[in-house]
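The values are calculated or read from the model by the stated rules, or taken from the named source; none is laboratory data. Since we're looking at a predicted model, the values are computed, not measured. Neighbour counts run over all protein chains shown; Cβ positions are idealised from the backbone, glycine included. When the accessible area is computed, the model is the full protein with side chains, heavy atoms only, and any ligands, DNA or RNA have been set aside. Shrake-Rupley method; radii C 1.70, N 1.55, O 1.52, S 1.80 Å.
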Amino acid sequence: MTTTLTKHEQYLADFRVLEQAADGSAPAWLRQLRQEGMARFEQLGFPTARRGNEKWKYTNVAPIADAAFRYSASPKTSGVKTTALRRVAPWRKEWTTLVFVDGRYAPTLSSVPSDGGGLRVASLAEAFRTDEALIEQHLAKHAAFEDDGFAALNTAFLSDGAFIHAAGGDEHAPVHLLFVATDSTQPQVAYPRTLVVTERNTKLTLVETYVGLGDGAYFNDAVTEVVVGDGSAVDHYKVTLESANAFHVSMTRATVGQDALFSTTAFAKGGALARHDLHMALAGHGSSCKLNGLHLTAGREHIDNHVNIDHAAPYSQSYQYVKGILTGTSHAVYTGRVLIRKGAVKSNARQADKNLILSERAEVDTKPSMEIYCDDVKATHGATAGQIAEAEEQIFYMRSRGLDPKAAGALLIRGFVKEILDTVKLEPLRAFLDGVTDKALPEFQFEGFGDRDEQRER
Amino acid sequence: MAEPMLVIRDLHVKVADTEILKGLSLSIGKGEVHAIMGPNGSGKSTLVNVLAGKPEYVVTSGAITFEGKNVLPMTVDQRAREGIFLAFQYPVELPGVSAWQFMKTALDSIREQRGEEPMDYRVFDKMWRQKIKDVGIDQELVKRSVNEGFSGGEKKRSEMLQMMVLDPKLALMDETDSGLDIDALKSVADVVNKRRGPEKAVLVVTHYQRLLNYIVPDFVHILIDGRIVRSGGAGLALEVEEKGYDWVREAMATA
Ligand SMILES: Nc1ncnc2c1ncn2[C@@H]1O[C@H](COP(=O)(O)OP(=O)(O)OP(=O)(O)O)[C@@H](O)[C@H]1O
Ligand SMILES: [Mg+2]
């Protein structure tokens, strides 16, 4: 029977192993939470891209559902060296860094100051012992899994992850959460989990990086919850650099308090399938959120940005700007839904996305929308699914000044990404992302002129 | 006549399966300024675009040589590096691309073709500032992305700045005067006149005699329905302005 386990049964079997392994050490409420997660996953399963399922209309997760990803409750973290990490991920000595290898906290690779002032950074496994009450108050309270199979599954396997608690007005050192996936003969699944709680009037800079060390297949099912306290500002970055055959499905839930700001920059490159479900709840009077997004897809890669912004309070402000560069037969999906509730008077929402499509076989599906139940608001949205013709005109223009196609393409792409990269306030990270983009440029050549030139008769 | 720089012989050009140029011949000598006038849709932009190497314009027969070299097999960027420059009727916007970077890269490509080293960036920067002054374009404007959000007139000035920096042998100007106020027009003319010299040539496409008061051409050609139907000196432009294109058409019919 074991060889013919259905995919779901495999997850269930792994879940039972985890349950037994963690028996006793986990608090009762956590064990119950996991069981609820598993039960919900068993009911929901993985979503299907069927008609009517707007959430998953353009993204087919069958490759995830059909693969046999194995879970290891205690993966080896010893094979990974800091030098290898520094080559593939942003890295600064002065940052507080938590490294997770295949979902498991790796203390020897991490650097956490013993006294962080008002900043406490720890693995969730450890924090369950030290900060249980605060965790119980927030964990899984923002990232609901009732109607999301992936979040339910992540919750079922909730045993480790990152915990950040920030208080005090001092400027804390940036916190970097680095989730590393190693190559293994057997494709693995990991469940990165992050809980961030900032108290009132606190500033926090947070980087979440997901990176693959090899080019094998694996699956990251991640959930991040961020609570932004009244008057606080969280400058958040999500850097997704999964390997070409990897699957990445992540959910980010931010709840923003009164006069608080959640600003996030999402940079993504690589991954057979990368889905980011970002929900920002503007709960407090005068709260605001910002999203700047940039993704580069090549080959057969697929990226899906699913953004929801919920204006639930007066004077709340939101801003979204998502840009994509596509080549090969890659596919980018962007859904941006802004909800302005009744009572969210004087709110202001801006939303735009732009794409630079370098290949005729690449595809963009973009669906911005605004649902407004309040009269006294300002809302603008504009989508420009970049036409290949537009890029062609620009390349031609540059070439007419003497630039060869490579140089012209590079300059155009650099210009396109600059707008987003310039918003990265954390300078070492900006430099790192600049480098990643530069390195990717040869892959992002403009297709289409060579053939035309041949057409010229004589 | 001066030594020929550009020679076009019996040129036939198709766009999207429609023949636009139907046997056009024209010779431009070193040091000369030529003007082309003609009704809307007669093929003026087609001519300059085909010279610049725009891919959708397909040459079905005829020949183009530039300084004795066959232009037709050359790509658009090769032509630019040979010294052909087109100031576009509708320049495109390049978001996020700095004009400085763009022109430095372009100039270095052209220099590379001539076997020269890339220009020292301080030397370039000094020259860049000087040209900005010469063209009279707003400093702040040039700091923005190339042409992004520029007005029509600002785009034309930006084209002139690029022309000054790259210093081509042959400058093709497609209605650079359209949409310019009188001061801008004078400064464009100024730029062109300053560039006049024994090694340079200019081809201006215009609808208006007005520009030709400031840039006095050596030759004027009338382009109708894909052919040059009449050529003459600067006086021809005045005559056209006064009598219209029907006069040219009638003169053709009775000739
Ligand atoms: N890319 C194109 N695709 C299809 N038709 C084109 C294209 N470019 C030009 N044409 C057609 O070719 C003809 C000549 O156009 P062209 O732009 O050369 O005229 P023009 O003399 O520059 O006119 P104007 O004075 O209005 O600028 C027109 O009928 C135009 O519609
Ligand atoms: Mg024209």
Could you tell me whether any residue of the stretch A:149-166 is over 15 Å from A:Thr96 (Cα atoms) and surrounded by fewer than 19 Cβ atoms within 10 Å (Cβ to Cβ)?
no
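Residue-wise test of (1) in contact with a Gly (Cβ under 6 Å, 6 or more places away or on another chain); (2) at pLDDT 80 or above; (3) closer than 30 Å to A:Thr130 by Cα.
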| position | (1), (2), (3) |
| --- | --- |
| A:Leu5 | no, no, no |
| A:Gln10 | no, yes, no |
| A:Phe15 | no, yes, yes |
| A:Gln20 | no, yes, yes |
| A:Gly24 | no, no, yes |
| A:Pro27 | no, yes, yes |
| A:Arg31 | no, yes, yes |
| A:Asp66 | no, yes, no |
| A:Phe69 | no, yes, no |
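For every residue, the table says whether it meets (1) on the phi < 0 side of the Ramachandran plot; (2) within 14 Å of another protein chain (Cβ to nearest Cβ); (3) within 16 Å of ligand 2 (Cβ to nearest atom); (4) assigned to a strand (DSSP E or B).
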residue: B:Leu26; (1), (2), (3), (4): yes, no, no, yes
residue: B:Gly31; (1), (2), (3), (4): no, no, no, no
residue: B:Ala35; (1), (2), (3), (4): yes, no, yes, yes
residue: B:Asn40; (1), (2), (3), (4): yes, no, yes, no
residue: B:Ser45; (1), (2), (3), (4): yes, yes, yes, no
residue: B:Asn49; (1), (2), (3), (4): yes, yes, yes, no
residue: B:Lys54; (1), (2), (3), (4): yes, yes, yes, no
residue: B:Thr60; (1), (2), (3), (4): yes, yes, no, yes
residue: B:Ala63; (1), (2), (3), (4): yes, yes, no, yes
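Yes/no per residue for (1) touching a His at 6+ places or on another chain (Cβ under 6 Å); (2) closer than 20 Å to A:Leu411 by Cα; (3) without any contact (Cβ under 8 Å) to a residue 40 or more places away in the chain:
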position	(1), (2), (3)
B:Lys104	no, yes, yes
B:Ile110	no, yes, no
B:Val146	no, yes, no
B:Ser151	no, no, yes
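Looking only at the stretch B:194-209, decide whether some residue is surrounded by fewer than 22 Cβ atoms within 10 Å (Cβ to Cβ), among the hydroxyl-bearing types (Ser, Thr, Tyr) and under 16 Å from the mean Cα position of the chain (by Cα).
Within the stretch B:194-209 (the criterion being surrounded by fewer than 22 Cβ atoms within 10 Å (Cβ to Cβ), among the hydroxyl-bearing types (Ser, Thr, Tyr) and under 16 Å from the mean Cα position of the chain (by Cα)), the answer is yes, since at least one residue qualifies.
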Filtering the stretch B:4-19 down to residues that are surrounded by 21 or more Cβ atoms within 10 Å (Cβ to Cβ) and closer than 27 Å to B:Gly244 by Cβ, which residue is nearest to ligand 2 (Cβ to nearest atom)?
B:Val13
Output the number of residues of the stretch A:129-139 satisfying the condition of being open to solvent by 20 Å² or more (accessible area, probe 1.4 Å) and in contact (Cβ under 8 Å) with a residue 60 or more places away in the chain.
4
Would you pick out the residues in the stretch B:128-172 that are within 13 Å of chain A (Cβ to nearest Cβ) and within 16 Å of ligand 1 (Cβ to nearest atom)?
B:Lys155, B:Glu159, B:Leu172
I need a count of the residues in the stretch B:120-155 that are in a loop (DSSP other than H, G, I, E, B) and open to solvent by 60 Å² or more (accessible area, probe 1.4 Å).
4
Taking the stretch B:84-105 and the residues there that are under 15 Å from B:Ala52 (Cα atoms) and more than 16 Å from ligand 2 (Cβ to nearest atom), the one that is surrounded by the fewest Cβ atoms within 10 Å (Cβ to Cβ) would be B:Phe85
All positions within the stretch A:402-433 that are touching a Pro at 6+ places or on another chain (Cβ under 8 Å), facing chain B (nearest Cβ under 10 Å) and not acidic (Asp, Glu):
A:Gly415, A:Phe416
What number of residues within the stretch A:211-261 are open to solvent by 10 Å² or more (accessible area, probe 1.4 Å), part of a strand (DSSP E or B) and among the charged types (D, E, K, R)?
2
Go through the stretch B:200-216 and give me each residue that's β-branched (Val, Ile, Thr) and away from ligand 2 (no atom under 16 Å from the Cβ).
B:Val202, B:Ile215, B:Val216
Those residues of the stretch A:426-458 that are at pLDDT 70 or above and either part of a helix (DSSP H, G or I) or touching a Ser or Thr at 6+ places or on another chain (Cβ under 8 Å) (or both) come to a total of 20
Every residue from the stretch A:93-144 that is part of a strand (DSSP E or B), farther than 18 Å from A:Phe157 by Cα and of a type outside the set (Gly, Ala, Ser)
A:Thr96, A:Thr97, A:Leu98, A:Val99, A:Leu119, A:Arg120, A:Val121
Candidates A:Leu356, A:Leu294 - the one that is in a strand (DSSP E or B) and either within 29 Å of A:Ala140 (Cα to Cα) or without any contact (Cβ under 8 Å) to a residue 40 or more places away in the chain (or both):
A:Leu294
Among the residues of the stretch B:167-175, is any more than 19 Å from A:Phe396 (Cβ to Cβ) and either within 16 Å of ligand 2 (Cβ to nearest atom) or at pLDDT below 90 (or both)?
no
Among the numbered conditions (1) without any contact (Cβ under 8 Å) to a residue 24 or more places away in the chain; (2) more than 30 Å from A:Phe46 (Cα to Cα); (3) not β-branched (Val, Ile, Thr), tell me where A:Pro90 comes up short.
(1)
In the stretch A:111-124, how many residues are of a type in the set (Gly, Ala, Ser) and open to solvent by 30 Å² or more (accessible area, probe 1.4 Å)?
4
Please go through the stretch B:176-193 and give me each residue that is open to solvent by 10 Å² or more (accessible area, probe 1.4 Å) and either more than 16 Å from ligand 2 (Cβ to nearest atom) or polar (S, T, N, Q) (or both), ordered by number.
B:Ser178, B:Asp181, B:Ile182, B:Asp183, B:Lys186, B:Ser187, B:Asp190, B:Asn193
Tell me, please, whether a residue that is open to solvent by 20 Å² or more (accessible area, probe 1.4 Å) and of a type in the set (D, E, K, R) can be found in the stretch A:320-330.
no
Restricting to the stretch A:261-280, give me the number of residues that are of a type in the set (Gly, Ala, Ser) and touching a residue at least 60 places away in the same chain (Cβ under 8 Å).
1
Quick check: is even one residue across the stretch B:52-63 open to solvent by 40 Å² or more (accessible area, probe 1.4 Å) and of a type in the set (Lys, Arg)?
no
Residue list for the stretch B:65-76, restricted to those being away from chain A (no Cβ under 11 Å) and either open to solvent by 10 Å² or more (accessible area, probe 1.4 Å) or within 11 Å of ligand 1 (Cβ to nearest atom) (or both):
B:Thr65, B:Glu67, B:Gly68, B:Lys69
Restricting to the stretch A:75-92, name every residue that is open to solvent by 90 Å² or more (accessible area, probe 1.4 Å) and either at pLDDT below 90 or outside any helix (DSSP H, G or I) (or both).
A:Lys76, A:Lys81, A:Arg92
So for the stretch B:77-98 (the condition being small (Gly, Ala, Ser), under 22 Å from B:Leu180 (Cβ atoms), more than 11 Å from ligand 1 (Cβ to nearest atom) and part of a strand (DSSP E or B)), does at least one residue qualify?
yes
Output the number of residues of the stretch B:74-130 satisfying the condition of being touching an Asp or Glu at 6+ places or on another chain (Cβ under 6 Å) and over 17 Å from B:Asn147 (Cβ atoms).
3
